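Note sheet for the following structure.
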Amino acid sequence: MGDAISSLLFQPPPPTRLKESKVVWLTNSFGKRIPSFFIECAKDDFGNGVRAPLPGESSHNSNPGPPPGDPADEASVHSSSGGGGGAAGGFYNSKNAYPSGMSASQAVPSTPQIRTPKELEMSVAVAAARGGRGGPGFGAPTILYSHANAEDLGNIYPWCKFLSKMLGVNIFAYDYTGYGLATDQGDPSEDYCFADISAAYSYLTSVLGIPPSSIVLYGRSLGSGPSCYLAARTADEGSPVGGLVLHAPFLSVYRIVLESGCTLPGDRFPNVDFAPGVRSPVLFVHGTKDSIVPFHHSERLLETIREDCRAEPVFVKGMGHNNVHASVRPLFIDRLRRYLDRHVMTGVDVGGRGNHHLRVERGNSNGERGRSYESRTKKLARLVSR
């Protein structure tokens, strides 16, 4: 039964190729080798991430509006021409203001770049020589991207580069065991997916030295499964990630076709069970005309998230499952920018603006995880009988 479910759930596309020199190879806890890539966003002279303008935005802006969280922020959003997080400027740093003494013309960025493993190693070494200042994760959040079912790294590269360009973020994406360049590593499974995202997260934190507060998990469709799992696990370990974006997520695999009322034996990716343990700000993105994963899955998942971790959801009227159409992309990018500015950027080390700022504590004030969530994800990961 388990093999039959897996064969229906996982449908890898014909593998697409990437330049071998650009691939970062990871090894998961099962010994499976999976490919990944790291896209570094465009940076200003201070090393901060910069964003390209949305349609209607000016690329020269001397008055970008109040900082995120300012009471006037909402007013600036409504009075602007559609910018992100209240800023009308186009090429500006991810804190939505130019550093002191820096003109707009100086802030025009280069394009996002996919980095080779050697370039990443050199960046880490340079940061270490500077006392830890800088490095691949400096100046911008890093999105750990978990793709949908019928995709692999080659398919999603243009989309990831677009997100990096428009959001001013780094993107680290990986393939699941059995997908893309990892098709020779065996058939995909839930266990492998959990191990795959864990290997990717370990690379970001342990090798590149990016702190959890600077990492945003982004899971689309199938990718919502490993993303929910990791978000809950890091919270259980006392170091929650900086954010979680769930794009067309499901309650669990069985619940897509049958509302069971509980997680049945053999079910896969029980997001509804992991979600209550998340301690990071969560943004839901879902189209109301999704015919693959019904829209109500996001609505119900949102109800399971702690109130202090709920960001304003992006429920797009008329949007389907498989892509974000060009007509809604400005809205989509604008809302993601607002989410990052209000909930994530205060946890990112940036240049020209002082040192790392701690975000509002989401756990217990004494730093304990809370007994009710102790080892929650370890238990949930073993919940499904194989």
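Taking 0.36 nm per residue of separation and subtracting the Cα-Cα distance, what length does fully extending GLU121 through PHE162 add?
12.3 nm
Please work out the average accessible area per residue across the stretch 123-219, using the 1.4 Å probe convention, and give it in Å².
Normalised by residue count, the accessible surface of the stretch 123-219 is 27 Å².
Quick check on the stretch 267-325: take the gyration tensor over C-alpha atoms, sort the square-rooted eigenvalues as a ≥ b ≥ c, and tell me if it's rounded (a/c under 1.5), prolate or oblate.
Cα axes put the stretch 267-325 in the oblate bin.
Using Cα positions and a limit of under 15 Å, work out the aspartates and glutamates in reach of LYS165, with same-chain residues fewer than 8 apart set aside.
Cross-link targets: GLU40, ASP44, GLU57, ASP334.
What does the charge count around SER29 come to, taking other residues whose C-beta lies under 11 Å from its C-beta (Lys +1, Arg +1, Asp -1, Glu -1)?
So the environment of SER29 carries a net charge of -1.
Please list, in chain and number order, the residues 5+ apart from VAL241 or on another chain whose amide H is under 5 Å from its amide H, with Hs placed from the backbone.
Correct list: ALA235.
Taking a ≥ b ≥ c as the square roots of the eigenvalues of the Cα gyration tensor of the stretch 220-327, is the shape rounded (a/c under 1.5), prolate (a/b larger than b/c) or oblate?
Oblate, since a/c reaches 1.5 and b/c is not below a/b.
Anything over 27 Å Cα to Cα? Flag those among LYS19/LYS43; LYS32/LYS289; LYS19/LYS317; LYS22/LYS43; LYS22/LYS317, in the order listed.
Over 27 Å apart, Cα to Cα: LYS32/LYS289; LYS19/LYS317; LYS22/LYS317.
Assuming R0 = 41 Å, can you tell me the calculated FRET efficiency for the pair SER260 and ASN322, based on Cβ-Cβ distance, to the nearest 0.05?
Using R0 = 41 Å, I get an efficiency of 0.95.
Mind listing the long-range amide H neighbours of VAL285? Cut-off is under 5 Å, sequence gap 5 or more, other chains count too, H placed in the peptide plane at 1.01 Å from N.
Excluding prolines and chain starts, which carry no amide H, the hits are LEU246, HIS247, ALA248, VAL314.
List the residues whose amide H sits under 5 Å from the amide H of ILE143, counting only those 5 or more places along or on another chain, with H placed 1.01 Å from N in the peptide plane.
ASN170, ILE171, PHE172, VAL216
Using the Karplus equation 6.51 cos²θ - 1.76 cosθ + 1.60 (θ = phi - 60°), what ³J(HN,Hα) coupling, rounded to whole Hz, does each residue of the stretch 192-203 give in order, writing x for Gly and Pro?
Along the stretch 192-203, the couplings run 5, 4, 5, 5, 5, 5, 5, 5, 5, 5, 4, 4 Hz.
Over the stretch 104-173, how many percent of alpha carbon pairs lie in each 5 Å bin up to the one with the longest distance?
3, 14, 20, 23, 19, 12, 6, 2, 0
Which of rounded, prolate, oblate describes the stretch 174-280, given a ≥ b ≥ c as roots of the alpha-carbon gyration tensor eigenvalues and a/c under 1.5 marking rounded, otherwise prolate only if a/b is larger than b/c?
In terms of gyration-tensor shape, oblate.
The values are calculated or read from the model by the stated rules, or taken from the named source; none is laboratory data. Just so we're clear, the structure is a prediction, and the values are computed from it rather than from any experiment. Positions of Cβ are backbone-derived with ideal geometry, glycine not excepted, and every protein chain shown enters the neighbour counts. Note: areas computed on protein heavy atoms with side chains; ligands, DNA, RNA excluded. Shrake-Rupley method; radii C 1.70, N 1.55, O 1.52, S 1.80 Å.
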